[in-house]
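Report on the following structure.
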Amino acid sequence: MIPLDSLIELRGVHAGYEGVEVLRGIDLVVPAGQVLAVLGPNGAGKTTLLSVIAGLVRPTRGDVLFGGRRVTGVDPVALARAGLCLIPEGRGVFANLTVAENLWLAAGSDRSREVVESRAFEVFPRLGERRDQLAGSLSGGEQQMVALSRALVSDPAVLLLDELSMGLAPMVVDDLYRRVVDIARMGVTVVVVEQFVRTISHIADRGIAVISGRIVLDGRIEEISPQLHSAYFSSSEEVST
């Protein structure tokens, strides 16, 4: 891990797609080891914010720093190798490969398969039982476990999660987020996008509310929760992610 208080920093970031501005002057500092919840309604710019951090969307203005170094415009593959790991909405596992094969691909050739599997199955014991099963035949929650395990075995410094709970039952979501807490305790910084505060309130150290491409609230979840409802509905602007 990079031993800096400010692991991720965005300075005056504007970004969008095909001339449509989505993010409108984002200033954000994420300390190492923090679990940050990115809250906001649909179309607020949350996914775009994660994409900017991961290098998938280049800011039209402003800068992104990782570990104190400017990484604006850096190739996303290079950022992933440096420890920025994005799990996009929709899980993104290799459906025609087994659970074990998904893990081997994520880890690369510099780690033994035994070590990779041991690390993943320690956090997700259920996947050990599904080791030789095709990932596409797993339940939605189990596929999300595979996605998280793939990230874990790549030894990330930062884990970026986009709508981890999408389409899953509440009990499954609770179990997944308990595993996210376990991963965070290993020293991984976590930035997680969620639409509903109740889904994430029990694990996040801090939350920000993104409305119409701007951060309008920033603080501990219990501090900003009473203001979230009015913040969600106070703006008449619509922004697509």
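A few notes on this one:
- The overall shape of region 36-94 is oblate: from the C-alpha gyration tensor, with semi-axes ordered a ≥ b ≥ c, the ratio a/c is 1.5 or greater and a/b is no larger than b/c.
- Residue-count net charge about residue 175 - beta-carbon cut-off 12 Å; Lys, Arg +1, Asp, Glu -1: 0
- Calculated diffusion of region 1-75, Stokes-Einstein form, Kirkwood radius summed over Cα pairs, 10 °C and 1.306 mPa s, µm²/s: 126 µm²/s
- Take every DSSP beta bridge whose two residues both sit in the chain; close to 55 percent of them are antiparallel.
- In terms of the mean number of neighbouring beta-carbon atoms within 10 Å, the peptides 219-231, 61-73 order highest first as 61-73, 219-231.
- Within region 141-241, the ratio Rg/Rh, alpha carbon atoms throughout and Rh by Kirkwood, equals 0.98.
- Sorted by Cβ neighbour density within 10 Å, fewest at the top, the residues 6, 118: 118, 6
- Average Cα contact separation per residue, the chain, under 8 Å, 6 or more apart, as relative contact order %: 29 percent
- Fraction of the pair-distance distribution of the chain above 29 Å, Cα-Cα pairs, percent: 27 percent
- In terms of its C-alpha gyration tensor, region 65-197 has an oblate overall shape, because the principal axis ratio a/c (a ≥ b ≥ c, square roots of the eigenvalues) is not below 1.5 and a/b does not outweigh b/c.
- For the chain, built as a Gaussian network whose Cα springs stay under 10 Å, the top-fluctuating residue of 83, 136, 167: 167
- Ranked by how many other Cβ atoms sit within 10 Å of their own Cβ, fewest first, the residues 129, 163, 194 fall in the order 129, 163, 194.
Only the coordinates and a few stated rules stand behind these numbers; no lab work does. The structure presented is a predicted model; accordingly, all values stated were derived computationally and were not measured. For neighbour counting, all protein chains shown are included, and Cβ atoms are generated from backbone atoms with ideal geometry for every residue, glycine included.
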